Amino acid sequence: MRLQIGDVAIDRIEESLGLGFQPHELFPAYEPRMLEPVQDWIAPGFYDPTVCRFRTSIHSWLVRTPKHLILVDTCVGNHKRRPHVPRFDMRDTPWLSRLADLGVGVEDIDYVMCTHLHCDHVGWNTRLVDGRWVPTFPNARYLFGRAEFNRWDARRADYQHRPINDNVFEDSILPVVESGQMVLVEDGFDIDGVLIVEPGPGHTHGHICIRLASQGHSGYFTGDIFHHPLQIRYPELYTGFDDVPELGIQTRRRLLSACADDHALLLPAHFAEPHACHIHRRSDGDYEPDFASVQAFINGNRLPAGHEAGETV
């Protein structure tokens, strides 16, 4: 898919797409009644009622500004040992070939921005070469939120272990540190005045959101602030992987309001097709996703100015 926001082009690089969690497995507070008001859009694209499983994606976003090539999140990666997440363990996917299909080589990437440092957002930070983990993108600066890096730095005395991230610091973060390519950033950091780092805590303590603003158009790369579009209608749905569920709920509500007010595009890391949406604010105060507006402008077409948008960890 190709989207154009102002003078910024966005492509999606898919690592995997398919059925994953059952709703109650992902969202502890899920209730079956929640599916009733969303029947017109949730199945079959985002939920398969025959097996009671969500359909989700794991993908990266490739962002082309007039000056730079930026990757947002880098999926699971290949040959990574993930003993506590079997579906991520020792994967072998053609993600790099899909990047090449977009006319981009690993040496062309200027920046890698990770919304957070869970295993399915940092995997292609590195690749295995002659038995060693080395940065996949030799000319890139890797931008991590300072608070997020500190939360997952396994060398710290106050490190809080979580099994889902076993080996991640060692194979996907530390090689970037040792190569000198890591840059720790704070809220407000920007690239080209187009991509701006904003706080997005909850799923992890230091989770960031990346706002895109260009020529009166805007969008938000939200990582795991939203795992599934059901959270648009029910932002109170938190996941069992969240560090601070209450903060995550606040962050979702804030972003939904901003997207509805600014007609901004929501660009999460795990939504199935069309992988992005606009947000409608309903008369009752709830929100609904608008996927049709995105589908209509995929494949190189520009999103109209002022558009009225009315298995993962």
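Readers should treat all values here as calculations from the given coordinates under stated rules, not as data from a laboratory. Keep in mind that this is a model prediction, so the values were computed, not measured. Quick reminder, even Gly has a Cβ in these numbers, built from the backbone with ideal geometry, and neighbours come from all protein chains shown.
Taking the Cα centre of the chain as origin, sum charge times position over the Cβ atoms of Lys and Arg (+1) and Asp and Glu (-1), and report the length of that vector in debye to the nearest 20.
300 debye
Report Rg (one decimal) and Dmax (nearest whole number) for region 1-133, counting Cα atoms only, units Å.
17.2, 53
Just to verify a number: FRET efficiency for Arg253 and Trp41, C-beta to C-beta distance, R0 = 25 Å, to 0.05?
0.75
Let me know the charge dipole size of region 104-145 about its Cα centre in debye, to the nearest 20, where only the beta-carbon of Lys, Arg (+1) and Asp, Glu (-1) is charged. Walk me through the numbers on the way to the answer.
Values: 3 positive and 5 negative charges, 29 e Å.
In debye, rounded to 20, region 104-145 gives about 140.
Can you pull the one-decimal nm distance between simple spin-label points at Ala157 and Val244, each 7 Å off the Cα toward Cβ?
It works out to 2.3 nm between the two label points.
Report the residues of region 236-259 in range of a label on Ala29: point 7 Å along Cα→C-beta, backbone N strictly under 17 Å from it.
Of the residues in region 236-259, 236-257 have backbone N under 17 Å from the label point off Ala29.
Under the Karplus relation 6.51 cos²θ - 1.76 cosθ + 1.60, θ = phi - 60°, what is the ordered set of whole-Hz ³J(HN,Hα) values for region 120-128, x standing for Gly and Pro?
After applying 6.51 cos²θ - 1.76 cosθ + 1.60, I find 8, 10, 10, x, 7, 4, 9, 9, 8 Hz.
Could you state the number of Å between the C-alpha centres of region 57-99 and region 5-33?
One Cα centre to the other: 15 Å.
Indicate the gyration tensor shape class of region 221-271 (rounded, prolate or oblate), computed on the Cα atoms with a ≥ b ≥ c the square roots of the eigenvalues: a/c under 1.5 is rounded; otherwise a/b larger than b/c is prolate and the rest oblate.
Taking the square roots of the gyration eigenvalues as a ≥ b ≥ c, region 221-271 is prolate.
Mind listing the long-range amide H neighbours of Leu265? Cut-off is under 5 Å, sequence gap 5 or more, other chains count too, H placed in the peptide plane at 1.01 Å from N.
Ser218, Gly219, Tyr220
So if we plug the beta-carbon distance of Glu178 and Met90 into 1/(1 + (r/R0)^6) with R0 = 25 Å, what FRET efficiency do we get, rounded to 0.05? Don't skip to the answer; put the middle values down first.
Details: r = 23 Å, r/R0 = 0.94.
My answer for the efficiency is 0.60.
Just the number, please: percent antiparallel of the DSSP beta bridges in region 53-178, rounded to the nearest 5.
55 percent
The list [x] 30; [y] 16; [z] 9 gives values of percent of Cα pairs over 37 Å apart, and only one came from this structure; which label was calculated from it?
Recomputing percent of Cα pairs over 37 Å apart here gives the entry labelled [z].
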